[in-house]
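First the structure, in the form of structure tokens, and then the observations on it.
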There are 2 protein chains.
Amino acid sequence: MEIKIRKNILEKNLTEAEKNRHFFREKNLFVLNMMSSPGSGKTQTLCRTLEQLMPDIQVGVIVGDICTTNDADRLAETGAKVTQINTDQFGGDCHLSAPMIDTAARKLGCDDLDLLIVENIGNLVCPAEFDIGENARVVVLSVTEGEDKPLKYPLMFQVSDAAILNKVDLLPYLDFDAPLAVENMKKVHPGMPVFELSAKTGQGFDPWLTWLRQQL
Amino acid sequence: MEIKIRKNILEKNLTEAEKNRHFFREKNLFVLNMMSSPGSGKTQTLCRTLEQLMPDIQVGVIVGDICTTNDADRLAETGAKVTQINTDQFGGDCHLSAPMIDTAARKLGCDDLDLLIVENIGNLVCPAEFDIGENARVVVLSVTEGEDKPLKYPLMFQVSDAAILNKVDLLPYLDFDAPLAVENMKKVHPGMPVFELSAKTGQGFDPWLTWLRQQL
């Protein structure tokens with residue numbers, strides 16, 4: 001029964017996602033959905049990304065969290081337009097849904113934007129199931145999380161168009177086999193581009209920015 | 001509507017959890033539910049914990065993952081009885097529920113056990129909502145995840161009886177304010193014991209083991 005209910009919820013969400021996609025197309029806006037476990041470094045990756053893209057590319061950000069506006073506050077320092085969704089108003093939802101994005105995008109105002117980035121709630125499971133009307137999805141994995149995560153959470157890596165392997169500056173202090181992690185990503189999603197970088201030091205950041213610019 | 005459906009699901013789960021609690025009490029078994037984000041080091045913490053507790057204390061483990069038996073394989077090397085739940089058979093569920101634990105506990109066999117540990121699915125949101133009939137809950141946070149996680153995912157820290165701050169061996173290489181992380185945990189759950197340790201090096205492990213032995 002639980003599976004049937006979830007199927008209904010996902011179908012309704014997909015209908016709303018199609019409406020969002022239509023709205024974003026009308027605004028000529030590229031929408032990127034960024035997903036990961038808690039603490040993989042999505043916000044730091046975005047801060048550095050915004051600093052490099054703006055002002056040539058006008059970027060807005062919708063940040064999802066159950067509680068707090070910490071990430072929105074950090075991102076606003078880059079000068080980007082930022083709005084925060086707190087899902088504790090929606091029963092503490094573990095993912096962003098298409099209707100939440102619709103409300104937030106209209107609140108943010110999209111007319112002057114080229115790129116809208118959605119920083120999803122830190123969760124390597126549920127956000128992968130909820131289409132929000134985006135053009136592309138990126139999953140961030142940190143080198144502190146273990147090489148087998150793509151095999152344990154395959155859906156997230158299958159639905160993503162690219163992956164970031166973050167915090168590579170910590171590799172000297174870890175027993176982490178980065179080539180094996182990349183191999184595991186490609187096992188569940190053959191051909192997916194993987195960017196090994198450090199959002200903290202900037203190491204390896206250029207290929208990621210090049211890929212992102214090519215999407216727009 | 002989604003909130004109402006979830007309320008129904010949680011109520012049904014609670015009924016099943018009460019049955020589990022009754023079953024575990026009959027078996028004179030202490031049940032610990034261990035939860036965290038993906039990659040915080042639950043399995044490594046458990047491996048070291050089992051090595052220290054056994055054979056004086058007979059421990060069984062139920063491991064939850066969407067896919068793979070990697071963690072069960074690692075835990076079985078300690079000599080503990082281990083069984084794996086893969087939720088891809090249940091639509092890729094992001095949490096363990098009371099009925100899944102009932103099935104797994106009976107499959108494992110509990111007659112000769114003193115302690116049953118449930119390693120939940122790596123997810124800092126949903127598992128906090130699902131009572132599985134346990135006696136105590138422990139949340140593991142890694143020092144690579146950021147100090148504000150207790151504020152962003154408060155429910156997980158509110159429902160937990162103790163917290164482990166893992167991977168403290170990495171502190172010299174991070175900009176992580178451990179006292180602030182502990183302060184944030186105590187802000188959402190005053191008085192909760194917090195064990196700062198490294199499952200990799202064994203640093204700080206004794207207070208955790210002492211606490212766990214006291215619970216039994």
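Values quoted throughout were computed directly from the atomic coordinates according to the rules given, and no laboratory measurement underlies them. From a predicted model like this one, the values you see are computed outputs, not experimental measurements. A quick note on method: Cβ atoms are made from the backbone with ideal geometry, for glycine too, and the neighbour counts reach across all protein chains shown.
Normalised by the number of residues in chain B, the average gap of Cα pairs under 8 Å and 6 or more apart makes the relative contact order 24 percent.
Once you compute Rg and the Kirkwood Rh from C-alpha atoms, what is the Rg to Rh ratio for segment B:150-208? All intermediate terms of the calculation are to be shown ahead of the outcome.
Details: Rg = 11.6 Å, Rh = 12.0 Å.
With Rg and the Kirkwood Rh in hand, the quotient comes to 0.97.
Under the definition of partner shielding as Cβ atoms of other protein chains within 10 Å of a residue Cβ, what is the mean value for peptide B:144-157?
Numbers: counts 10, 9, 9, 2, 7, 4, 1, 5, 11, 10, 5, 4, 2, 0.
Going residue by residue through B:144-157 and averaging, the value is 6.
The mean number of partner chain beta-carbon atoms within 10 angstrom of a residue's beta-carbon across peptide B:114-123 is 2.
Here the peptides B:7-17, B:33-43 are ranked by packing, the mean other Cβ count within 10 Å, and the order with the highest first is B:33-43, B:7-17. Summing +1 for each Lys or Arg and -1 for each Asp or Glu, what net charge is found among the other residues whose Cβ lies under 13 Å from the Cβ of B:Val159? Surrounding charge for B:Val159 is -3.
Taking Cα atoms of segment A:1-65, Rg/Rh with Kirkwood Rh, to two decimals?
On the way: Rg = 15.9 Å, Rh = 14.6 Å.
Looking at segment A:1-65, the ratio lands at 1.09.
Note on segment B:2-215: lysine pairs with Cα distance below 20 Å, sequence gap of 8 or more or different chains, count 18. Set against the 2.2 N^0.38 Å expectation for a compact globular protein, the protein assembly as shown has a Cα radius of gyration ratio of 0.96. With only the Cα atoms considered, segment B:21-120 has a convex hull volume of 87 Å³ per residue.
So, counting K/R as plus one and D/E as minus one, what does the shell of residues with Cβ under 9 Å around A:Ser37 add up to?
Spelling it out: positives minus negatives among the neighbours equals -1.
With both labels modelled 7 Å from their Cα along Cα-to-Cβ, the B:Asp111 to A:Trp211 distance reads 5.5 nm. For the pair segment A:24-57 and segment B:43-77, the centres of their Cα atoms are 39 angstrom apart. Averaging 1/r over each pair of different alpha-carbon atoms in segment A:2-215 and inverting the result gives 17.4 Å, the Kirkwood hydrodynamic radius.
Backbone phi angles across segment B:115-128, fed through the Karplus curve with coefficients 6.51, -1.76 and 1.60 (θ = phi - 60°), yield HN-Hα couplings of 9, 10, 10, 10, 8, 6, 5, x, 5, 8, 10, 4, x, 5 Hz in residue order; Gly and Pro are listed as x.
Under unit Cβ charges (Lys, Arg +1; Asp, Glu -1), what dipole magnitude, rounded to 20 debye, does chain B have relative to its Cα centre?
Values: 22 positive and 31 negative charges, 84 e Å.
Here the size comes out at about 400 debye.
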